[in-house]
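> Please find one structure pasted underneath; my questions will follow.
The values are calculated or read from the model by the stated rules, or taken from the named source; none is laboratory data. Since we're looking at a predicted model, the values are computed, not measured. Cβ: placed from backbone, ideal geometry, glycine included. Neighbour counts: every protein chain shown. Keep in mind that these areas ignore ligands, DNA and RNA; they rest on the heavy atoms of the full protein, side chains included. Shrake-Rupley method; radii C 1.70, N 1.55, O 1.52, S 1.80 Å.
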Amino acid sequence: MENFIINYFKKLNIEIDSKKAEQFITYKDMLVEWNKVMNLTGITEDREVIIKHFADSIMPLTIADFKNKSVIDVGTGAGFPGLPLKIAEPSIKLTLLDSLLKRLNFLENVCQNIDTDAEFVHGRAEELGKDINYREQYDIAVSRAVAPLNVLAEYDLPYVKVGGLMIALKGPAAYDEIEQAKNAVKELGGEIERVEEIALPETDLKHTIVVIKKISSTPEKYPRRAKKIERSPL
């Protein structure tokens, strides 16, 4: 499995060593084990976890500089994409944010077992986005499979410093979402900088990464309450 991980990531032009591969293996094993008692993932076969969760999560490393950056994973769930990014690029100062404490307990256990560090924040994204301890404090905000882009932008962009990035990992509907999100991104102080399609080797999966640059501060009224965001997206 170690060689498979190292060689597979190399196909994405991401170099990892044996130590990092072992960290990914421990993460995988704990994910599968904890998934027996709590809902973390529908994907549990070894290679599928490596490809569809871990490789998928680290693809942003191929298009943006994460070295020594402060990164918040908004709605991290089982740790994707934040924790795989941290394993592959240990210099990241990582914050994992989720509304479910049991998921954060799982992630804290993983980090202890793989000897890496992160900040674990329990709360709702729309509430902490107004907290001065988190608002506009991060170089990069990342999210994967959380919400449509116009909704996601209101959750994520308030965390990003002016000059920083919001990076969203999206699926096949990305271009429709981008079109619908243009007004929201502009209103929240962002600008769509680039859109990259990356294929996962040995699969028919192609993922779209949307990179949004924070060009001005997010107006104080955002983010709104969750129900308002969902009912009346920008």
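> Among 143-153, 58-68, what's the highest-first ranking by average C-beta atoms within 10 angstrom per residue?
Put in order of decreasing packing, that is 143-153, 58-68.
> For the charge dipole of the chain, defined by +1 on Lys and Arg C-beta atoms and -1 on Asp and Glu C-beta atoms about the Cα centroid, which residue among Met1, Val146, Asn39 has the Cα displaced farthest towards the positive pole?
Toward the positive end, the furthest listed residue is Val146.
> Relative to the Cα centre, what is the charge dipole magnitude of the chain, using +1 at the beta carbon of each Lys and Arg, -1 at the beta carbon of each Asp and Glu, and rounding to the nearest 20 debye?
Approximately 660 debye in magnitude.
> How large is the dipole of the stretch 33-152 about the Cα centre if only Lys and Arg carry +1 and Asp and Glu carry -1, each at its Cβ, rounded to the nearest 20 debye?
The calculated dipole for the stretch 33-152 is roughly 160 debye.
> Out of Asp98, Asp17, Asp139, any idea which swings most in a Gaussian network model of the chain, alpha carbons joined below 10 Å?
Asp17
> Cβ neighbours within 10 Å, averaged per peptide: list 74-86, 219-231 in order, most packed at the top.
74-86, 219-231
> For the chain, what % of the accessible area comes from carbon and sulfur atoms, probe 1.4 Å?
C and S fraction of accessible area: 45 percent.
> Can I ask one more? Place a point 7 Å from Cα of Glu196 in the direction of its Cβ. Which residues in the stretch 1-37 have their backbone N less than 18 Å from it?
Counting backbone N atoms under 18 Å from the label point, the list is 8-16.
> For the stretch 1-88, state the average projected area of the convex hull of the C-alpha atoms over all orientations, rounded to one decimal in nm².
5.6
> Let me ask something additional. Could you size up the charge dipole of the stretch 109-234 around its Cα centre, putting +1 on the beta carbon of Lys and Arg and -1 on that of Asp and Glu, and report it in debye to the nearest 20?
It works out to roughly 620 debye.
> Would you mind pulling out the separation of the Cα centroids of the stretch 140-164 and the stretch 23-55, in Å?
If you average the Cα positions of each part, the centres end up 25 Å apart.
> Please give the FRET efficiency for Glu33 paired with Asn68, using the beta carbon to beta carbon distance and R0 = 25 Å, rounded to the nearest 0.05.
Once the sixth-power term is evaluated, E becomes 0.15.
> I've got another one for you. Restricting attention to the stretch 27-103, which GluC sites (Glu not before Pro) occupy a DSSP loop and are surrounded by at most 12 other Cβ atoms within 10 Å?
Passing both the DSSP loop test and the Cβ count: Glu45.
> Using label points projected 7 Å from each Cα along Cα→Cβ, tell me how many nm separate Ala226 and Lys206, to one decimal.
For Ala226 paired with Lys206, the spin-label model returns 3.5 nm.
> What does the net charge come to around Phe24 if you take all other residues with beta carbon closer than 14 Å to its beta carbon, with K and R at +1 and D and E at -1?
Net charge around Phe24: -3.
> Pairs Lys19/Lys206; Lys19/Lys213; Lys86/Lys213: which exceed 31 Å Cα-Cα?
Lys19/Lys213
> Continuing with the same structure: If you scale each eigenvalue of the Cα gyration tensor by 5 and take the root, what three semi-axes come out for the stretch 67-216, rounded to whole angstrom and sorted largest first?
They are 23, 19, 14 Å, listed from largest to smallest.
> On to the next question. Rolling a 1.4 angstrom probe over the protein heavy atoms, how many square angstrom per residue are accessible across the chain?
About 46 Å² of surface per residue is accessible.
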